[in-house]
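> Pasting a structure here, questions to come.
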Amino acid sequence: MHSTPIMRKIREHWLARVSHSLVRGEGVRASFEEQLARFYELLEQAVASGDPSWLDQILDDWAESRTETELEREATSLYPLLNQILLLTFDVQREYLSADESMELLGSVLPIYTYCFERIVHRETQLQINHVSNELEKVRDSLERLDRSKSDFISVAAHELKTPLTLIEGYTAMLRENLPSGKADPKMGLLLSGIDKGTQRLHEIVNDMIDVSMIDNQLLDLNFQPMWIKQLLALTESDLVESALERKQTLIIHDFPGSEELIFIDTERMFQALRNVVSNAIKYTPDGGSIVIAGRTLPGFVEITVSDTGIGIDLEDQLVIFEKFGRLGDAQLHSSGKTKFKGGGPGLGLSIARGVIEAHGGAIWVESPGYDEINCPGSTFHILIPLRKEPPDDKSAVLFRSLSENVQRKSLDAQPIKD
Ligand code: ADP
């Protein structure tokens with residue numbers, strides 16, 4: 001006995017039963033019946049040839065006809081629909097076929113239905129993945145757009161602020177010059193130095209904003225020059241030791257093997273990055289605490305560490321703080337003092353430090369057991385700088401060639417002679 005004639009025998013009953021059981025509205029039924037007839041025809045072909053892939057196209061069409069909105073609402077899958085079709089097939093077989101015919105038909109139809117279930121699940125999962133990744137792409141696009149407009153805003157605001165700031169500085173200087181000479185007015189002097197301090201801080205903020213927008217737009221132009229690591233650390237110390245003293249903190253710099261190495265860096269930029277990290281250590285450490293700067297040389301790199309006994313940083317914030325405006329805590333806590341305890345700032349310092357260090361081909365990260373203002377677990381910032389013995393650009397390479405050759409010769413001379 002063959003399955004094809006058995007299938008033909010129940011075709012009309014099957015179509016009527018399935019379409020009446022699954023569809024209520026007359027309007028929809030006509031097109032559904034058309035689909036069912038196509039499905040049944042392909043099922044017959046699959047049974048006759050033993051190749052279930054005859055049904056691939058219609059199953060894919062059904063899965064894909066589910067709209068985007070259905071996917072968003074997690075609309076029911078085709079799986080239960082196919083299940084119902086299979087159950088209704090059993091009913092029709094029971095009513096219109098003999099036991100032998102039923103067995104024969106089931107034997108050939110069941111493996112094909114199993115294939116259909118697998119195909120539908122596979123296709124639907126694929127569609128869901130596509131849908132989710134499309135949505136992710138959209139979110140990424142809008143985040144990128146938001147970041148771009150944030151960066152545009154910083155750049156425009158910084159440049160717009162610069163002009164009135166220069167005006168204020170100019171007029172303050174003129175006022176000072178026009179003070180009657182000989183008669184020092186202490187009150188006026190105090191007012192003018194107040195304006196000076198304010199404009200200087202504003203200048204620093206505006207410059208930070210310009211730096212951030214240069215980093216964002218990859219416009220940071222590094223000017224490589226030779227510098228001893230030791231000298232870089234000493235410069236940072238002399239710049240910040242007074243602030244640390246004001247806060248009754250100890251600022252310790254440990255020499256380390258390799259700290260006398262001469263490396264090529266943008267000295268000004270690297271100093272700016274290190275100063276940002278160390279002034280944060282002062283700012284986020286209570287009075288009386290300590291800040292230790294140490295380091296080590298690794299193959300191809302020098303690692304500088306800045307450890308403090310401050311309030312620490314929670315694990316989930318340890319990446320956020322390097323983003324622009326990645327300041328934590330209360331946004332109201334702004335202060336004009338750069339090193340006042342928990343003084344807060346615009347949240348640009350670490351983002352600039354990261355931009356500068358990464359532009360050198362280095363890296364910066366932080367380690368801290370967590371944030372705790374009572375027990376002060378502290379934080380350690382790690383700064384990895386490539387140990388460049390030559391400037392990377394041709395122009396300065398020509399300029400510093402003899403110097404770097406000298407340095408190389410010296411370090412070769414210093415090596416013990418092997419026999
Ligand atoms: P800000 O201008 O707020 O200091 P930064 O970019 O320099 O901006 O730092 C971002 C945030 O990282 C700070 O607001 C602070 O919450 C946190 N932070 C930075 N350095 C330390 C530190 N040494 N200890 C604890 N928290 C720190």
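> Using the C-alpha gyration tensor of the stretch 170-253, what are the square roots of 5 times its eigenvalues, in whole angstrom, with the largest one first? List each step's numbers first, then the result.
Numbers: eigenvalues 230, 102, 34 Å².
Taking √(5λ) for each eigenvalue gives 34, 23, 13 Å, largest first.
> Can I ask one more? Using a basic spin-label model with each label point 7 Å from the Cα along Cα→Cβ, how many nm lie between Leu86 and Leu15?
Label at Leu86, label at Leu15, 2.4 nm between them.
> In addition: Report the relative contact order of the stretch 1-66, percent, no decimals, based on alpha-carbon pairs under 8 angstrom and at least 6 residues apart. Could the numbers behind the result be given before it?
On the way: 29 pairs, mean separation 18.9, N = 66.
Averaging sequence separation for qualifying contacts and normalising by length gives 29 percent for the stretch 1-66.
> Excluding the sites themselves, what is the longest stretch of the chain that contains no GluC sites (Glu not before Pro) in a DSSP loop with at most 15 other C-beta atoms within 10 Å? The partial results should precede the final answer.
Working: sites that count: Glu74, Glu260, Glu323, Glu373.
Answer from the scan: 75-259.
> Which number comes out as Rg/Rh for the stretch 234-282 once both Rg and the Kirkwood Rh are worked out on C-alpha atoms? Show your work: numbers first, answer last.
On the way: Rg = 11.9 Å, Rh = 11.9 Å.
My calculation of the ratio gives 1.00.
> Something else now. Top to bottom by accessible area (1.4 Å), largest first, where do Met214, Met103 land? Spell out each step's value before the answer.
Working: Met214 55, Met103 130 Å².
Solvent-accessible surface, decreasing: Met103, Met214.
> Still on this structure, please answer the following. Over 20 Å, how big is the tail of the calculated P(r) for the stretch 94-199, in percent of all Cα pairs?
Numbers: 4084 of 5565 pairs.
Here the tail beyond 20 Å accounts for 73 percent of pairs.
> What number, in percent, do you get for the relative contact order of the chain if the mean sequence gap of Cα pairs under 8 Å and at least 6 apart is divided by its residue count? It would help to have the intermediate numbers written out before the result.
Values: 516 pairs, mean separation 48.6, N = 419.
RCO, the chain: 12 percent.
> Then there is this: Would you tell me the accessible area of Ser133, worked out with a 1.4 angstrom probe on the heavy atoms of the protein chains, in Å² to the nearest 10?
Roughly 60 Å² of Ser133 is accessible to a 1.4 Å probe.
> Right, next: Write down the radius of gyration of the stretch 205-291 and its Dmax, each obtained from C-alpha positions, in Å.
According to the Cα coordinates of the stretch 205-291, Rg and Dmax are 14.7, 40 Å.
> When only the heavy atoms of the protein chains count and the probe is 1.4 Å, how do Thr89, Thr380 rank by accessible area, highest first? Can you show the working numbers first?
Numbers: Thr89 10, Thr380 35 Å².
Largest to smallest exposure gives the sequence Thr380, Thr89.
> What number, in nm² with one decimal, is the all-direction average of the projected area of the convex hull of the alpha-carbon atoms of the stretch 31-173?
Approximately 12.8 nm², given one-decimal rounding.
> Let me ask another. Compute the long axis of helix 3-22 from its Cα atoms, compare it with the longest principal axis of the Cα atoms of the chain, and write down the angle in degrees, 0 to 90, nearest 10.
The angle comes out at about 60 degrees.
> Between the stretch 253-317 and the stretch 213-245, how many Å separate their Cα centres?
Cα centroid of the stretch 253-317 versus Cα centroid of the stretch 213-245: 11 Å apart.
> Report, please, the projected area of the chain averaged over directions, based on the convex hull of its C-alpha atoms, in nm². Don't skip to the end; give the middle numbers.
Details: hull surface 160.5 nm².
Mean projected area of the Cα convex hull: 40.1 nm².
The values are calculated or read from the model by the stated rules, or taken from the named source; none is laboratory data. Values in this document were obtained by computation on a predicted structure and should not be read as measured data. Here the Cβ is made from the backbone with ideal geometry for all residues, glycine too, and neighbour counts use every protein chain on show. Each accessible area value is taken on the protein alone, full model and side chains, heavy atoms only, with ligands, DNA and RNA left out. Shrake-Rupley method; radii C 1.70, N 1.55, O 1.52, S 1.80 Å.
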